[in-house]
Amino acid sequence: CHRMRRVFPALRPWILPLVVGLIVAGFQLWLVGAAGNATPLNDEWDREGGWLYPRWVTGELPAADLFKPHNEHRILWTYLLDLGLFTANGQWDPRMQLLVMVLLRALIAVGLARWLASEPGQGSRWPIALLVAWLFLPHLAWQNVLWGFQTQVYFSLGLSLLALHLFVRSPLTPPRWLGGLAFGVAAQWGMSAGAFLPVALAALLVLDFAKERKFTREACARLAAIGLLGLLSLTLRTTVPELASQRAGSSGTFFHAFGLGLSWPYPELPWLGVVACLPLAVALGRRLRGRPRLAPEEDFALALGCFGFAAALAQAFFRGGAAEFSQRIPSRYAEFMVLLALANAWCVLTWLRHAVPGRRLIAQTAGSAWFALLAIGWLGTSTEVWRKALHPRIEYRDVPGQLVRQYQLTGHAEIFTTAGRFFQPYPEVAEIGRVLSDPRMHGHLPPTFQPGQPPGPLSRAATAVMSRAATLALILFALAGLLALWEFRNPSRAAAKPAP
């Protein structure tokens with residue numbers, strides 16, 4: 001009991017973030033159970049079934065090849081995860097990756113809720129936690145959530161946020177600096193989005209210099225980390241000529257795509273990005289004038305916004321010319337725009353908490369209007385995503401697997417063309433045939449395509465979990481509700497520390 005009394009105060013600040021993680025995991029588990037299946041999608045056929053697993057089975061996969069780029073990204077951690085699951089299961093099953101992704105996204109949501117509201121006595125702790133849970137609901141990022149190969153997004157994002165958290169903490173001790181540098185390096189081997197980390201740190205360095213008017217010891221340490229991480233990102237950068245056509249070909253195309261990123265979740269309204277990012281712009285301007293922090297978490301929130309801003313710039317430049325960027329930000333890029341929305345929302349909530357009595361009504365009106373704008377965009381995009389993407393995938397979940405099975409038995413490629421692009425698991429039908437007929441994959445294909453082969457242990461576990469996904473989601477929601485009720489009825493009496 002004495003040990004528990006000592007441990008509990010350290011665990012107490014994590015209870016509300018854990019509630020957020022349980023909510024996010026519950027919704028995502030339900031979505032994966034309703035729409036996910038064992039049929040590989042897109043690059044999984046080419047990169048996993050056509051390259052990674054066959055070479056691993058025959059011992060022809062040098063370790064150095066795992067560090068080579070896939071398109072413009074280095075996805076070392078995704079390769080290692082996929083190989084680990086494949087080896088443990090004895091066969092390929094994308095459902096295992098989908099379930100791992102439930103855990104990864106939930107952990108990121110827990111970290112964001114903890115680091116954006118770190119003080120137990122902070123008045124806006126509940127609103128911030130609920131905001132993270134709301135914006136991290138999985139449906140707006142459905143392409144990532146239902147595509148197992150996209151664990152690269154969450155490895156890169158999670159490691160970048162860990163590094164960011166360590167670098168913004170003060171004092172920046174040598175262990176924190178080394179830990180931040182290690183996570184920052186690891187993030188760049190998760191996906192090229194790790195290169196946004198030094199950009200966010202550089203922005204914070206400018207803000208600190210605006211206040212101190214000199215380079216402190218911590219500033220010099222951060223500058224060294226920025227230099228090392230920036231140099232690594234330049235070293236790892238690779239160019240793919242085949243993707244050059246997707247770059248923004250003109251300034252108009254670039255600013256259109258950039259505006260769509262800033263205005264997320266609104267489609268076709270790039271000019272709205274100015275309004276959406278106004279809170280972050282005001283907060284940055286305030287710090288540039290040398291004003292003190294309004295809350296201990298301000299550095300992390302502003303760095304989070306700069307990270308999302310850098311992501312919007314990069315995706316507009318490298319992908320702004322693609323047809324899918326003509327109307328809205330594709331859902332697989334939504335995770336990075338969520339960070340930008342979270343940073344802006346944090347600024348609004350903090351201003352409301354610190355508004356002087358004479359201006360409180362104006363602050364509440366402006367803040368309510370901003371949140372209403374965000375909610376309307378979220379609701380409209382959610383409705384469209386459900387109608388055009390999620391509902392058809394839930395209703396016809398087994399169709400892609402049935403098409404591949406028919407093609408496996410008959411060899412008729414017309415099966416896919418008559419069904420339509422929506423149900424095609426990969427546009428290159430020849431690649432699907434090559435993977436299915438590869439002798440190295442005999443006995444290692446997903447369970448759907450080798451009915452005579454007993455499923456591996458992880459496949460059996462994935463089947464059990466996904467068949468009971470709705471029930472398990474309800475259990476997670478019930479647990480989240482109990483923890484939230486306990487936290488609400490027993491609020492921490494710790495007062496928020498004054499802003500430094």
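The values are calculated or read from the model by the stated rules, or taken from the named source; none is laboratory data. The structure presented is a predicted model; accordingly, all values stated were derived computationally and were not measured. Here Cβ is always computed from backbone atoms with ideal geometry, including for glycine, and neighbour counts include all displayed protein chains. Remember, those area values only see protein heavy atoms, side chains included, never the ligands or the DNA or RNA. Shrake-Rupley method; radii C 1.70, N 1.55, O 1.52, S 1.80 Å.
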Name the residue farthest towards the positive end of the dipole of segment 294-360 from the options ASN344, LEU313, LEU302, assuming +1 on Cβ of Lys and Arg, -1 on Cβ of Asp and Glu, about the Cα centre. ASN344
Contour excess over end-to-end distance, with Cα ends at GLN327 and ARG440 and 0.36 nm allotted per residue: 36.4 nm
If I model a spin label as a point 7 Å beyond the Cα along the Cα-Cβ vector, how far apart are those points for GLU242 and ARG12 in nm? 5.7
Residue separation times 0.36 nm, minus the C-alpha to C-alpha distance between TRP126 and ARG489: what's the value? 129.4 nm
Got a number for carbon plus sulfur as a percent of the chain's accessible area, 1.4 Å probe? 66
What distance in nm separates the two pseudo spin-label positions at LEU103 and THR365, each 7 Å out from Cα along the beta-carbon direction? 5.1
Nothing charged except the Cβ atoms of Lys and Arg (+1) and of Asp and Glu (-1): what's the magnitude of the dipole of segment 291-405 about its Cα centre? Round to the nearest 20 debye. 160
Between segment 274-343 and segment 86-141, how far is it from one alpha carbon centroid to the other, in angstrom? 19
Keeping every protein chain present and rolling a 1.4 Å probe, give me the accessible area per residue for segment 51-129 in Å². 33
Between SER251 and LEU409, what is the FRET efficiency for a Förster distance of 45 Å, r being their Cβ-Cβ separation, to the nearest 0.05? 0.30
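In square nanometres, what is one fourth of the surface area of the convex hull spanned by the alpha carbons of the chain?
Numbers: hull surface 102.8 nm².
Here the figure is 25.7 nm², rounded to one decimal.
In debye, nearest 20: dipole of the chain around its Cα centre with unit charges on the Cβ of K, R (+) and D, E (-)? Could the numbers behind the result be given before it?
Working: 45 positive and 28 negative charges, 463 e Å.
The calculation lands at about 2220 debye.
Can you tell me the relative contact order of segment 221-309? Whole percent, Cα pairs under 8 Å, sequence separation 6 or more.
14
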Extent along principal axes [Cα atoms of segment 57-131; Å; largest to smallest]: 58, 26, 18
Interchain or long-range residues, amide H under 5 Å from SER263's placed H: GLY273
Distance in nm between ALA375 and GLU72 label points, each 7 Å along Cα→Cβ, equals 3.7
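Taking only DSSP H segments of four or more residues, each worth -39500 (n - 2.57), what value at 222 nm results for the chain once the sum is divided by all its residues, to the nearest 500 deg cm²/dmol?
Details: 23 runs with 318 residues, N = 500.
That comes out to -20500 deg cm²/dmol.
Could you tell me which trypsin sites (Lys or Arg not before Pro) in segment 267-318 are loop residues by DSSP with no more than 16 other beta carbons within 10 angstrom of their beta carbon? Before the final figure, lay out each step's value.
On the way: sites: ARG286, ARG287, ARG289, ARG293; in loops: ARG289, ARG293.
Those that pass, being in a loop and sparsely packed, are ARG289.
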In segment 389-500, with Lys and Arg counted as +1 and Asp and Glu as -1 at Cβ, which of these residues, PRO446, GLN408, THR463, has the Cα nearest the positive end of the dipole, that is, farthest along it? THR463
Surrounding net charge for TRP56, when Lys and Arg each add one and Asp and Glu each subtract one, Cβ distance under 14 Å: -2
Give me the three principal axis extents of segment 420-479 from the C-alpha atoms, as integers in angstrom, largest value leading. 47, 31, 15
Please work out whether segment 121-238 counts as rounded, prolate or oblate from its C-alpha gyration tensor, where a ≥ b ≥ c are the square roots of the eigenvalues and a/c under 1.5 means rounded, while otherwise a/b larger than b/c means prolate and anything else oblate? oblate
